[in-house]
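Here the structure comes first, spelled out in structure tokens, and everything after it is commentary.
Throughout, read-outs are computed from the coordinates displayed, never taken from laboratory work. Bear in mind that the values here come from a model prediction, so they are computed numbers and not experimental data. Neighbour counts are summed over all protein chains in view; Cβ atoms, including those assigned to glycine, are modelled from backbone coordinates with ideal geometry.
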Amino acid sequence: MIPSLTLTSGNYVQMMSASDQGRFQSGARVAAAEDANAAESHRIKAEVESLNFFYGNVQALKNINMAFPAHQVTAIIGPSGCGKSTLLRCFNRIHDLYPETRYEGRITLFPSGINVIGPEADPIEMRMRMGMVFQKPNAFPKSVFENAAFGLRLRGVRGKDLEEQVERSLRSAALWDEVKDRLRESAYTLSGGQQQRLCIARALASEPEMLLFDEPTSALDPIATAKIEELIFSLKREVTVIIVTHNMQQAARVSNFSAFMYLGELIEISPTEKMFENPSSKLTEEYITGHFG
Ligand SMILES: Nc1ncnc2c1ncn2[C@@H]1O[C@H](COP(=O)(O)OP(=O)(O)OP(=O)(O)O)[C@@H](O)[C@H]1O
Ligand SMILES: [Mg+2]
């Protein structure tokens, strides 16, 4: 466990930006009045402890210990092949679809306390609870509506409820105004940036606890990228976000915390401002100043 991320109320607040601190502190007072224990347990959404991950004989993650604060955006940065996507994919158990993969350690989700990678967790349920958005938009060959409705239909939502929930998720993904008159058209008639927001809407419709983004804008132009970044920033009201990115400016713009990985290890996790202005590790400094990677 990383001591600075063993969140007592004091050090947690110190790690936030000034604007978030204000919001957090007023929110925390209300929560504390209601239930001090519940407030305490809500501050971390997920805690990774002694996580090792193997593809056959290749160890891709080495003793990772870190916590993901609730309703915050944590960016994961690091050179190609350092294990960023591997770490993200542990959260939704997608590795289980491939043979000879092996997890060791724990990823605890709060407030339930379930170990995401433990035998008690159902990988299919974990995939519902952890929405994932990939580098390339992976809209299904269906209409805009049916893409957003996909997870809801699987859960048996029908009729008016379905329409309302589709609209809500398209609004949350900042796409509704652009597609409300095109719901029956193929998703493939949308632009790349719109398709990516449709994938975010599809993930949101399942009411996930966390959203995992793996380089979500690397195939998009700057305007579409700006829209997705704005969206990610606002989504933290609803969910806890992890974003893998190669773009340092993006990490600086959208995240509250940044984690630097190197050769399968976590080198540093810090509030984003600190990471970019005064990193704790020499390796981090060398990476963000472009000396390698
Ligand atoms: N299916 C696989 N089988 C064996 N090794 C793999 C597999 N997928 C990834 N690896 C290895 O695991 C390590 C971490 O890969 P990962 O894809 O997590 O890196 P990454 O940090 O996401 O890189 P990038 O920035 O290029 O996306 C690499 O050494 C990679 O070669
Ligand atoms: Mg990757």
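When the criteria are applied in full, M126 fails the requirement of being within 16 Å of ligand 2 (Cβ to nearest atom) and either β-branched (V, I, T) or touching a helix residue (DSSP H, G or I) at 6+ places or on another chain (Cβ under 9 Å) (or both).
Just to verify a result, which residue in the stretch 74-96, among those that are of a type in the set (G, A, S) and more than 9 Å from ligand 2 (Cβ to nearest atom), is farthest from A121 (Cα to Cα)? Ranking the qualifying residues of the stretch 74-96, first place goes to G78. Could you please let me know if Q165 is closer than 18 Å to R184 by Cα and crowded, with 17+ Cβ neighbours inside 10 Å? Yes; evaluated as a whole, the condition is true for this residue.
Within the stretch 246-263, the residues that satisfy the criterion of being closer than 24 Å to N52 by Cβ and either of a type outside the set (G, A, S) or surrounded by fewer than 21 Cβ atoms within 10 Å (Cβ to Cβ) (or both) are F257, F260, M261, Y262, L263. Here the condition is being within 15 Å of the chain's Cα centre (by Cα), touching a residue at least 12 places away in the same chain (Cβ under 8 Å) and at positive phi; of E215, E229, E238, it holds for E215 alone.
Is it the case, given these coordinates, that L175 is buried (at least 20 other Cβ atoms within 10 Å of the Cβ) and away from ligand 2 (no atom under 16 Å from the Cβ)? For L175, the condition - buried (at least 20 other Cβ atoms within 10 Å of the Cβ) and away from ligand 2 (no atom under 16 Å from the Cβ) - is met. Do the conditions hold for R171, that is, is it of a type in the set (K, R) and in a strand (DSSP E or B)? When the stated conditions are applied, R171 does not pass them. Specify the residue that is farthest from T272 (Cα to Cα); the eligible residues are those in the stretch 56-71 that are in a strand (DSSP E or B) and more than 16 Å from ligand 2 (Cβ to nearest atom). Checked the stretch 56-71; the qualifying residue farthest from T272 (Cα to Cα) is Q59.
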